[in-house]
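**Q** Right, I'll just put the structure down here and ask away after.
Here, each number is a calculation from the coordinates, and none is a lab measurement. A quick note: this is a predicted structure, and the numbers were derived from the prediction, not measured. Every residue, glycine as well, gets a Cβ built from its backbone with ideal geometry; the counts of neighbours run over all protein chains shown.
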Ligand SMILES: Cc1ncc(COP(=O)(O)O)c(C=O)c1O
């Protein structure tokens, strides 16, 4: 293998870019062993440490895997391939033709920072959260509430009232932590509904969970730090960590979420990101025993725990399970919640409850980032909570969602039977449908066959770093009424038959 350096940037960057280019060009195919660090350092006339550091970056970014004792190998699934799946999902089918997605290889003439280059390497060029709205009759999209359930009339009424009465103080720069009215309202709501124990001063108002993730990483993680995440898991966490230069330790989840022995096997980590109330995307609910063990382990390591409670309000078999934060005597948990799944994502309002001793560093980080979140919307949300609208709506929505979940389970049993396995519907507003007889490489065909029947389904694959060999779809049911769910699954069954040749 001939690797040449181009003399631009540091030696480590040159080695990294040269090897990466060969991997991307297919000259080093999946599974191929990379040259030894000694051999390559001699060939290039650079120090061995330079090659080791370049290989580490390739490993951290998912281009290579290191096997103890036998060297480094090209990864079987490259980040770009993995990301194309996400792009296709996030950006629509148009992106999957390769013309709009994937990394931008052209280097801009204005040099980018190391961080920006890392983002370019780990994330799709047009990474974004907007999901295309295909004109399908029955859309199992996930990640949003059913907008028809949200009391929007009330929201607009409260918005108009706040706008009419806005004072000069409310129109100026607000407190960096957020409106005190909303901090108070949330501290009360989170104690009642989620068992979170905090003072209003511990509540930081942010632009959705994604900003809570970003601030946590900036404030508590250094580049090179190992951090545990769930596999499969929420890609917004993984990208933010990789972009920051953290080392991601994947903990494979089981039907109950993050297993304790997997966490222990990952070794010492700086932090643990977890979705305990409804694992994303598999839907497991972390049992109390595991919660306590995780907290004890984190306290022992001196690690923080980031609790992403993105849809914990909805649990169907018994009361909503209380947060990890409420169980934590050591003050290690940062609890994040969001209005995105409850009201609507466009609000861009979330909340991060931090331990007392971290309040100041987090407020500083937030202030420097954006000087604070939009003030009037925060006041409207405070009114919405204090006047009881939020909890009334959640109670009503829980009943509707329970009926939708029943319909989904019944339809899967009726139309797919043994050919499918539905998991993760004990809480939240999506389930994960595994199709054990459909190989992963036929998944896109099933998706297209569904689209021809005017049904939208979304593969689970993009949420894996190491995708499984069988097909699986994340089915959101928040926006669909039971008859539509039943009809949608009947059409999915026909689509599978067509693709697998049973029709
Ligand atoms: C598991 C999970 N966490 C967090 C988020 C981020 O939500 P937001 O930034 O809108 O609050 C999402 C969004 O899809 C999610 O699925």
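**Q** Need one number: the % of Cα-Cα pairs in the range 218-270 sitting beyond the 14 Å mark.
**A** For the range 218-270, the fraction of Cα-Cα distances above 14 Å is 50 percent.
**Q** Once you have the alpha carbon radius of gyration of the range 125-244, what is it after dividing by 2.2 N^0.38 Å, with N set to its residue count? Mind showing how you got there, number by number?
**A** Working: Rg = 18.7 Å, N = 120, 2.2 N^0.38 = 13.6 Å.
Taking N as the residue count of the range 125-244, the ratio is 1.37.
**Q** Further question: Based on the Cβ-Cβ distance from residue 67 to residue 153, what FRET efficiency comes out when R0 is 56 Å, to the nearest 0.05?
**A** 0.40
**Q** With contacts defined as alpha carbon pairs under 8 Å and 6 or more residues apart, what's the relative contact order of the range 1-74 in percent?
**A** The normalised contact order for the range 1-74 reaches 34 percent.
**Q** Give, in nm to one decimal, the length gained when the segment between residue 192 and residue 441 is fully stretched (0.36 nm per residue of separation minus the Cα-Cα distance).
**A** Taking 0.36 nm per residue and subtracting the Cα distance, the gain is 85.1 nm.
**Q** Quick one: compute the contact order of the chain, relative version, from alpha carbon pairs under 8 angstrom and 6+ residues apart, as a percent.
**A** 17
**Q** What whole-number volume per residue, in cubic angstrom, does the convex hull of the C-alpha atoms of the chain give?
**A** Working: hull volume 81.2 nm³, N = 503.
In the chain, the Cα convex hull volume per residue is 161 Å³.
**Q** If packing is taken as the average count of other Cβ atoms within 10 Å, what order do 298-307, 3-12 fall into, highest mean first?
**A** Highest-to-lowest ranking by the protection proxy: 298-307, 3-12.
**Q** Further question on the same structure: Can you work out D for the range 395-440 in µm² s⁻¹ from Stokes-Einstein, where Rh is the Kirkwood radius over C-alpha pairs, the temperature is 25 °C and the viscosity is 0.890 mPa s? Show your work: numbers first, answer last.
**A** Numbers: Rh = 11.4 Å.
My calculation gives 215 µm²/s for D.
**Q** Return the inverse of the average 1/r over all pairs of distinct C-alpha atoms in the range 1-74, which is the Kirkwood hydrodynamic radius, in Å to one decimal.
**A** Kirkwood hydrodynamic radius for the range 1-74: 12.1 Å.
**Q** Additional query: Given an 8 Å cut-off on Cα distances and at least 6 residues of separation, report the relative contact order of the range 152-391 as a percent.
**A** Details: 431 pairs, mean separation 67.5, N = 240.
Computed over the range 152-391, the figure is 28 percent.
**Q** What do you get for Rg/Rh over the range 152-391 if you use C-alpha atoms and the Kirkwood form of Rh?
**A** Values: Rg = 17.6 Å, Rh = 18.2 Å.
Using only Cα positions, Rg/Rh for the range 152-391 is 0.97.
**Q** Considering only C-alpha atoms, what is the centroid distance from the range 392-462 to the range 14-48, in Å?
**A** 43
**Q** Determine the distance separating the Cα centre of the range 293-336 from the Cα centre of the range 134-189; give it in Å without decimals.
**A** If we compute the Cα centre of each part, the gap is 25 Å.
**Q** On alpha carbon coordinates alone, what is the Rg over Rh value for the range 399-503, Rh being the Kirkwood radius?
**A** 0.94
**Q** If we count other beta carbons within 10 Å of each Cβ, what is the order of 154, 50, 371, fewest first?
**A** 371, 154, 50
**Q** Still on this model: Based on the inverse mean of 1/r over its pairs of different Cα atoms, what is the Kirkwood hydrodynamic radius of the range 377-459, in Å?
**A** Evaluated on the range 377-459, it is 15.6 Å.
**Q** Hey, another quick one. For a Förster distance of 56 Å, can you work out the FRET efficiency between the beta-carbons of residue 268 and residue 27, rounded to the nearest 0.05?
**A** Values: r = 37 Å, r/R0 = 0.66.
It comes to 0.95.
**Q** Give me the mean projected area, in nm² to one decimal, of the convex hull enclosing the Cα positions of the range 258-399.
**A** 9.9
**Q** State the dimensionless ratio Rg/Rh of the range 119-194 (Rg: radius of gyration of Cα atoms; Rh: Kirkwood radius).
**A** Values: Rg = 18.8 Å, Rh = 17.3 Å.
Taking Rg over the Kirkwood Rh, I get 1.09.
**Q** Moving on to the next point. At 7 Å along the Cα-to-beta-carbon direction for both residue 389 and residue 38, put a label point, then send me their distance in nm to one decimal.
**A** 7.0
**Q** What Kirkwood hydrodynamic radius do you get for the range 188-329 when you take the inverse of the mean 1/r over all pairs of distinct Cα atoms, in Å? All intermediate terms of the calculation are to be shown ahead of the outcome.
**A** Numbers: mean 1/r = 0.0650 Å⁻¹.
With all distinct Cα pairs of the range 188-329 included, I get 15.4 Å.
**Q** Given the rule -39500 (n - 2.57) for each run of at least 4 DSSP H residues, summed and divided by the residues of the chain, what is its mean residue ellipticity at 222 nm, to the nearest 500 deg cm²/dmol?
**A** Per the formula, -13000 deg cm²/dmol.
**Q** With each label point set 7 Å from Cα along the Cα-Cβ vector, what nm distance links residue 371 and residue 316?
**A** Here the modelled spin labels are 4.7 nm apart.
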